[in-house]
Amino acid sequence: MGTVVDAPAVVAEEVTENMLGGKKVTAVFVLGGPGSGKGTQCANIVEHFGFTHLSAGDLLRAEIKSGSENGTMIENMIKEGKIVPSEVTIKLLQEAMIKNENDKFLIDGFPRNEENRAAFENVTKISPAFVLFFDCSEKEMEKRLLGRNQGRVDDNIETIKKRFKTFVESSLPVIEHYNSRDKVKKIDAAKPIPEVFEDVKTIFAPYAPKHLLALPFPSFPLLSPLG
């Protein structure tokens, strides 16, 4: 993988036309291997910077529980560590953005591959402001995943190994694509949670609510390093 740019975030230009009924949005893709801490840090970005967190995985799991005709197919693919078809995930993300009153979104765990990326931009006409990439070793991510107890079907050693392989083969090319456009902000996700959030705050400073700019951030909550 080439050199990833570690630069302050720049507020992206507004999207003038998209497939969200004309709604103008700022979208940030949040990518990183399973267990890299994306979920924990997204929760803090939501709290401090006013974004809405859209987890592709959570949306898919909710679809499974809903009993829809896509649910069984999605469940089987997740168990196999495979990637769900783009049109399924994009439709769920699109509906979530339209229904939500906010105009700033963290899209977590998507796009998972280049086909996802191209389809998302073609269908929604939305290009991300930037990609937040949580960089973490497989050894550390495996330790985190095996240590959490959420009852998820994809938290066993065999599936974890498949997910790591899928991430390296499929998701790293997406990061390279946006890196070539100076849109990747890399975070060292192996560091302690408070230190990771300090890096996150620097990147998201341009999005801080104006009334909070002069205030110190509150003490960091005790959250588990999951993603």
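Can you find a residue that is of a type outside the set (F, W, Y) and more than 22 Å from F167 (Cβ to Cβ) anywhere in region 73-90?
No: region 73-90 contains no residue that is of a type outside the set (F, W, Y) and more than 22 Å from F167 (Cβ to Cβ).
Would you pick out the residues in region 171-195 that are part of a helix (DSSP H, G or I) and more than 20 Å from G39 (Cα to Cα)?
Result: P173, E176, H177, Y178, N179.
Being of a type in the set (A, V, I, L, M, F, W, C) and assigned to a loop (DSSP other than H, G, I, E, B) is the filter; apply it to region 70-115 and report the residue that is nearest to the chain's Cα centre (by Cα).
Filtering first and then ranking leaves F110.
Can you name the condition, by its number, that N102 falls short on among (1) in contact (Cβ under 8 Å) with a residue 40 or more places away in the chain; (2) polar (S, T, N, Q); (3) surrounded by 16 or more Cβ atoms within 10 Å (Cβ to Cβ)?
The failed condition is (3).
Go through the residues of region 100-122 one by one and say whether even a single one is among the small types (G, A, S), modelled with pLDDT under 90 and within 24 Å of E47 (Cβ to Cβ).
yes
Looking for something touching a Pro at 6+ places or on another chain (Cβ under 7 Å) and either modelled with pLDDT under 95 or buried (at least 16 other Cβ atoms within 10 Å of the Cβ) (or both) - is there at least one such residue anywhere in region 11-26?
yes
Starting from residues that are more than 16 Å from the chain's Cα centre (by Cα) and at pLDDT 90 or above, keep the ones in region 180-191 and report whichever is nearest to E142 (Cα to Cα).
Once the filter is applied, the top-ranked residue is K191.
Anything in region 180-195 that is among the aliphatic types (A, V, I, L, M) and surrounded by fewer than 22 Cβ atoms within 10 Å (Cβ to Cβ)? List them, or say none.
Once the filter is applied, which keeps residues that are among the aliphatic types (A, V, I, L, M) and surrounded by fewer than 22 Cβ atoms within 10 Å (Cβ to Cβ), region 180-195 yields A190, I193.
Scan region 134-157 for residues that are at pLDDT 80 or above, charged (D, E, K, R) and out of contact with any Leu (no Cβ under 9 Å at 6 or more places or on another chain) and jot them down.
Within region 134-157, D135, K139, E140, E142, K143 meet the criteria.
The values are calculated or read from the model by the stated rules, or taken from the named source; none is laboratory data. Because the structure is a prediction, the values reported are computed rather than measured. We place every Cβ from the backbone using ideal geometry, glycine too, and count neighbours over all the protein chains shown.
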